[in-house]
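The values are calculated or read from the model by the stated rules, or taken from the named source; none is laboratory data. Treat the numbers as computed from the prediction; the structure is a model and nothing was measured. Because the Cβ atoms are built from the backbone with ideal geometry, glycine has one as well, and the counts that use them run over all protein chains shown. Heavy atoms of the whole protein, side chains included, go into the accessibility calculation; ligands, DNA and RNA do not. Shrake-Rupley method; radii C 1.70, N 1.55, O 1.52, S 1.80 Å.
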Amino acid sequence: METMKLNSVKAKAQTNSSAKARRANRMQQWVTGIILALGGFIISIPFIWMILSAFKPEMEVMQIPPTFLPKEFTLENFVNLFENMNFTVYLRNTIVVVLCSFIGLFLNAMAGYAFAKYQFKGREKLFYLVLATMMIPGQVTMIPVYLILNQLHLTNTMAGIVLPGLVGAFSIFLFRQFMSTIPDELLEAARLDGASEFRLFLQIILPISKPILAVQGILTFIAGWNSFLWPLIIANDESLYTLSVGLSLLKGQYGGNFALQMAGSTFMVVPIVIIFMLFQKHIIEGYTISGMK
Amino acid sequence: MKALNTKTPYFFIAPALLLLGLFSLFPIVVALVISFTDISLESLGDWSTIRFVGLENYLEVFKDPIFMKSLFNTLFYVIIGVPLVIICSLAVALLINFGKARIFRAFRVIFYMPSITNVVAVAVVWSYLYNPQLGLFNYVLNFLHLPSVPWLTDPTMSKVSLIALAVWRGIGVNMIIFLAALQGIPKTYYEAAQLDGATNWKQLTKITLPLLRYAIFFVSITTMIGWLQFFEEPLVMTKGGPLDSTTSVALFIYRNGFQLSNFGYAAAGSFVLFIAIIIITLLQFRLQKKEVDY
């Protein structure tokens, strides 16, 4: 009887203290949430300000004190970009660059597949060579690549803009990592059915590799859409400029017109943000899985 | 694996390897060779005018006051920027990992966002925020009765302003790496510590941080290499100014190569950078080894 009483008192004390702990815990969760929300807001200020300013008329952006929401909502800046500033051309070039970089993605997948699933002479050495290219800083290759393209008469052409960044070691590495998990029996079965090696790759390997293709496809799209350095170096004519080169030109020529600049930036950033929001689960988790192993 | 047509794998790797060879490996050789010559825009038409100058470019570059300035600036970026990026991304990752509600997943997206956006667009937006008269930052400071800051016009402040922008962009990717590493720590460690009555702070310093050692090492190496090549931010935002106070080594190379067309000179500068990156990386590996051995 005594001990039972004692036990119940103990239990009560325990639930009491655990309730206190739970309350403290919930408190901590709230504080963490509030700190992150504040940090997140600060991080987002440039985006918020960019989008709000893009819809203000030029006069309103020049006002001091600035308005927060556009007093007079206008699409004039965007219309201006496309009607007077050649953004149609830049957009077309950017789309061409993105499409070409998908060819590069395909080549990376092919190489990753061969490194994962074939035994051949020099396989290890060649793969290390591929990995070694990741260590080379862009600044070292920048000038020689320009000279090589010049020698091939590819400066000021779309091919010259696209070729230097077409394949990437990291992408080949990720494809190899993923494709080495595909069971060999599957390939053997298809070979017995008489499928050619290339058809095997197209019809069996690629469909199985959908998860890694999705991640890489999105990253390729983002990289292509954002491509800046090679178009800047290689393109002399405005007719070959991509959106980012065009935007930096806009910054130089219309330095005072911030509404126009913000519209240009919004046009560059928002499509990427939307795509990222839609696929963020794939990107972040794909990154985690493939990057850390 | 069955004996196949031995040519097949080579067919698969050929396109990618050819391109990598032509645009990554071969250029290293070219860069090394031309760094010993006086090749410039004029000599592109007539190769016979190119002269072999030995180590002259390398000696010249160390006498160049702008190069020395860019070296100093790059060290400034690295010494301040790298720890800031690591601390901020680690802090954000720890906070997000601590949260249990679903809303915390949304924060991953928000903090990751700056790193996928176009660098030119970002620089354009930040130039507007930094604008001395019309910018939001100075407006907020004045609103709080604080004096305006010469964000991009003061030699030291302009470096700090570029670092702020680059830290903002750099948090996302590193945060994801830290989050992945945090999720890899077995929950049982924490459960055991809680049974022993360890505080949150104790758990952080005795369990989490020691186990994150490799992730921190990985992030600091990649971040360091990235910041040694700091380039696009000063190129688009300040063009290296005012008075070359924001010119980085990478921007120095770009300018000598493509604006002044001194290809040989620029190539010599790029090799100095390359060697510096290799030495610093090796040093870090050394330090890490010592730390693990204790």
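Please enumerate the residues belonging to segment A:242-259 that are aliphatic (A, V, I, L, M) and open to solvent by 40 Å² or more (accessible area, probe 1.4 Å).
The one that is aliphatic (A, V, I, L, M) and open to solvent by 40 Å² or more (accessible area, probe 1.4 Å): A:LEU249.
Can you name the residue in segment A:150-169 that is part of a helix (DSSP H, G or I) and touching a Phe, Trp or Tyr at 6+ places or on another chain (Cβ under 9 Å) and, of all such residues, is nearest to the other protein chains (Cβ to nearest Cβ)?
Out of the qualifying residues, it is A:PRO164.
Of all residues being open to solvent by 50 Å² or more (accessible area, probe 1.4 Å) and touching a helix residue (DSSP H, G or I) at 6+ places or on another chain (Cβ under 9 Å) in segment A:175-187, which is nearest to the other protein chains (Cβ to nearest Cβ)? Just the residue, please.
Residue satisfying both the conditions and the ranking: A:ASP184.
Mind checking which residues of segment B:190-222 are open to solvent by 80 Å² or more (accessible area, probe 1.4 Å), within 13 Å of chain A (Cβ to nearest Cβ) and in contact (Cβ under 8 Å) with a residue 12 or more places away in the chain?
Answer for segment B:190-222, where residues must be open to solvent by 80 Å² or more (accessible area, probe 1.4 Å), within 13 Å of chain A (Cβ to nearest Cβ) and in contact (Cβ under 8 Å) with a residue 12 or more places away in the chain: B:TYR214, B:PHE218.
Can you tell me which condition A:GLY138 does not meet? The list is (1) at the interface with chain B (Cβ under 8 Å from one of its Cβ atoms); (2) at pLDDT 90 or above; (3) open to solvent by 20 Å² or more (accessible area, probe 1.4 Å), and all the others hold.
That leaves (2) as the condition not met.
Being within 10 Å of chain A (Cβ to nearest Cβ) and farther than 30 Å from B:LEU204 by Cβ narrows it down to one residue among B:SER158, B:SER127; which is it?
B:SER127
If I go through segment A:188-241 residue by residue, how many of them are closer than 23 Å to A:MET158 by Cα, open to solvent by 30 Å² or more (accessible area, probe 1.4 Å) and not in a helix (DSSP H, G or I)?
3
Please give the number of the condition A:ILE172 fails out of (1) open to solvent by less than 20 Å² (accessible area, probe 1.4 Å); (2) within 11 Å of chain B (Cβ to nearest Cβ); (3) over 25 Å from the mean Cα position of the chain (by Cα).
Failed condition: (3).
A:PHE120: in the same structural domain as A:GLY165 (by TED's automatic domain parsing), open to solvent by less than 20 Å² (accessible area, probe 1.4 Å) and within 24 Å of A:ARG191 (Cα to Cα), yes or no?
no
If you take just the helices (runs of 4 or more DSSP H) that sit entirely in segment B:1-116, which of them hold at least 3 residues that are touching a residue at least 60 places away in the same chain (Cβ under 8 Å)?
Where helices (runs of 4 or more DSSP H) fall fully within segment B:1-116 and carry at least 3 residues being touching a residue at least 60 places away in the same chain (Cβ under 8 Å), they are B:26-34, B:56-63, B:65-98, B:103-116.
Considering only residues that are of a type in the set (Gly, Ala, Ser) and either part of a loop (DSSP other than H, G, I, E, B) or touching a Leu at 6+ places or on another chain (Cβ under 7 Å) (or both), which ones fall in segment B:134-169?
Within segment B:134-169, B:GLY135, B:SER148, B:SER158, B:SER161 qualify.
Which of the numbered conditions does A:MET50 fail, given that it passes all the others? Conditions: (1) more than 28 Å from B:LEU165 (Cβ to Cβ); (2) facing another protein chain (nearest Cβ under 9 Å).
Exception for A:MET50: condition (1).
Tell me, please, whether a residue that is open to solvent by less than 50 Å² (accessible area, probe 1.4 Å), away from chain B (no Cβ under 11 Å), farther than 28 Å from B:LEU179 by Cα and hydroxyl-bearing (Ser, Thr, Tyr) can be found in segment A:264-273.
Looking through segment A:264-273, none of the residues is open to solvent by less than 50 Å² (accessible area, probe 1.4 Å), away from chain B (no Cβ under 11 Å), farther than 28 Å from B:LEU179 by Cα and hydroxyl-bearing (Ser, Thr, Tyr).
Of all the helices (runs of 4 or more DSSP H) wholly in segment B:223-293, which have at least 1 residues that are more than 21 Å from B:SER43 (Cα to Cα) and away from chain A (no Cβ under 12 Å)?
Output list reads B:232-237, B:263-293.
Is it true that B:ILE103 is open to solvent by 60 Å² or more (accessible area, probe 1.4 Å) and modelled with pLDDT under 90?
yes
Confirm whether B:GLY184 is exposed (fewer than 14 other Cβ atoms within 10 Å of the Cβ), of a type outside the set (Ser, Thr, Tyr), under 30 Å from B:LEU228 (Cβ atoms) and within 10 Å of chain A (Cβ to nearest Cβ).
Yes, satisfied.
What number of residues within segment A:188-227 are in contact (Cβ under 8 Å) with a residue 60 or more places away in the chain and more than 13 Å from chain B (Cβ to nearest Cβ)?
7
Which of the residues that make up segment B:237-254 are farther than 11 Å from B:LEU273 by Cα and open to solvent by less than 10 Å² (accessible area, probe 1.4 Å)?
B:GLY240, B:SER245, B:THR246, B:THR247, B:LEU251
May I ask you to list the residues in segment B:65-93 that are of a type outside the set (A, V, I, L, M, F, W, C) and crowded, with 16+ Cβ neighbours inside 10 Å?
Those that are of a type outside the set (A, V, I, L, M, F, W, C) and crowded, with 16+ Cβ neighbours inside 10 Å: B:LYS69, B:SER70, B:ASN73, B:THR74, B:TYR77, B:GLY81, B:SER89.
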